[in-house]
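Below is one structure, written out as structure tokens; comments come after it.
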Amino acid sequence: MDTPKWVYSEQVKEHFMDPHNVLEGKPDDFDHDGKGIAGSMQCGDEMLFLIKVDKAQEIITDCRWKTFGCASAIASASKLSDMVKGMQLEEAYQINANDIIVELGGLPDKKVHCSVLGDKALRAAIKNYYQRIGEPEKIPEDYNRLICECKNVTEKDIEDVVLDNIRDFRKLQEETGLGTVCGQCIDEAKQIMQDYIGHYFESRKQKD
Ligand code: FES
């Protein structure tokens with residue numbers, strides 16, 4: 001079997017070799033206001049993201065992260081940690097894997113799902129921040145849009161499945177249960193899945 005060849009951009013190499021804002025020690029060694037964890041069973045990675053927030057302005061003033069992930073996960077988290085400093089919470093919440101990939105100068109297709117760990121953990125940290133301060137109603141909702149009410153599957157869940165390199169609708173159903181009860185969500189879910197596949201993979205191929 002051929003070993004896949006992954007070509008990394010200079011930015012990815014730099015961030016992997018010299019990652020920024022890495023957490024030294026334990027989470028409590030960094031004075032933080034929000035803590036988020038994301039894990040990917042597929043590649044066995046886990047990501048921790050901590051944010052310090054200026055409460056009056058709702059701006060991320062500092063952050064730290066830690067992962068046992070691969071080179072792509074490390075480079076993505078490092079890049080993301082640079083991107084979010086000084087950013088409004090609402091804006092930071094909207095960052096998706098593709099934004100990070102673009103900033104990194106690209107990632108091999110098979111490694112795209114690794115970059116989702118950082119932005120997932122960041123969103124979890126922002127949610128955690130709003131919960132800690134007793135304002136959960138401020139958690140942005142667009143990524144939480146429910147597509148399958150019977151199985152509680154959101155648009156973000158579909159995006160995550162695509163980023164795990166799954167492009168077959170039946171596999172999406174196996175992973176999430178989407179569309180397996182009343183079936184009303186199927187047409188919309190298929191369209192969303194196609195849109196994400198086009199967004200993350202096919203449009204990037206045309207640019208290559
Ligand atoms: S809404 Fe998805 S199966 Fe019913």
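Does the range 130-149 contain at least one residue that is surrounded by fewer than 22 Cβ atoms within 10 Å (Cβ to Cβ), modelled with pLDDT of 85 or more and on the phi > 0 side of the Ramachandran plot?
yes
Listed here are the residues, each with its yes/no results for (1) buried (at least 19 other Cβ atoms within 10 Å of the Cβ); (2) touching a strand residue (DSSP E or B) at 6+ places or on another chain (Cβ under 8 Å); (3) assigned by TED's automatic domain parsing to the domain that holds Ile100; (4) hydrophobic (A, V, I, L, M, F, W, C).
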| site | (1), (2), (3), (4) |
| --- | --- |
| Asp18 | no, no, yes, no |
| Pro27 | no, yes, yes, no |
| Gly34 | yes, yes, yes, no |
| Phe49 | yes, yes, yes, yes |
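For Gln191, are the conditions met, namely being more than 16 Å from the ligand (Cβ to nearest atom), over 23 Å from Ser9 (Cα atoms) and either in a helix (DSSP H, G or I) or in the same structural domain as Ala38 (by TED's automatic domain parsing) (or both)?
Working: more than 16 Å from the ligand (Cβ to nearest atom): no; over 23 Å from Ser9 (Cα atoms): yes; either in a helix (DSSP H, G or I) or in the same structural domain as Ala38 (by TED's automatic domain parsing) (or both): yes.
So Gln191 fails the test.
Restricting the search to the range 7-19, which residues are more than 19 Å from Lys85 (Cα to Cα) and assigned to a loop (DSSP other than H, G, I, E, B)?
Scanning the range 7-19 gives Val7, Tyr8, Ser9.
Considering only the range 20-62, state which residues are within 26 Å of Gly106 (Cα to Cα), in a loop (DSSP other than H, G, I, E, B), modelled with pLDDT of 95 or more and out of contact with any Phe, Trp or Tyr (no Cβ under 7 Å at 6 or more places or on another chain). Even if it seems obvious, please write down each step before you answer.
Here is the first cut: in the range 20-62, the ones within 26 Å of Gly106 (Cα to Cα) are 20-23, 36-51, 60, 62.
Remaining after also requiring in a loop (DSSP other than H, G, I, E, B): 20-21, 23, 41-44.
Now drop any that are not modelled with pLDDT of 95 or more, which leaves 20-21, 23.
Within the range 20-62, just His20 meets the criteria.
Please enumerate the residues belonging to the range 130-167 that are out of contact with any Asp or Glu (no Cβ under 9 Å at 6 or more places or on another chain), farther than 20 Å from Ala38 by Cα and away from the ligand (no atom under 16 Å from the Cβ).
Scanning the range 130-167 gives Gly134, Glu135, Glu137, Arg167.
How many of the residues making up the range 174-185 are under 24 Å from the mean Cα position of the chain (by Cα) and either more than 7 Å from the ligand (Cβ to nearest atom) or loosely packed, with under 14 Cβ neighbours inside 10 Å (or both)?
Summing the residues that are under 24 Å from the mean Cα position of the chain (by Cα) and either more than 7 Å from the ligand (Cβ to nearest atom) or loosely packed, with under 14 Cβ neighbours inside 10 Å (or both) in the range 174-185 gives 4.
The values are calculated or read from the model by the stated rules, or taken from the named source; none is laboratory data. Model, not experiment: these values are computed from the prediction. Cβ coordinates were reconstructed from backbone atoms using ideal geometry, including for glycine residues, and neighbour counts include every protein chain displayed.
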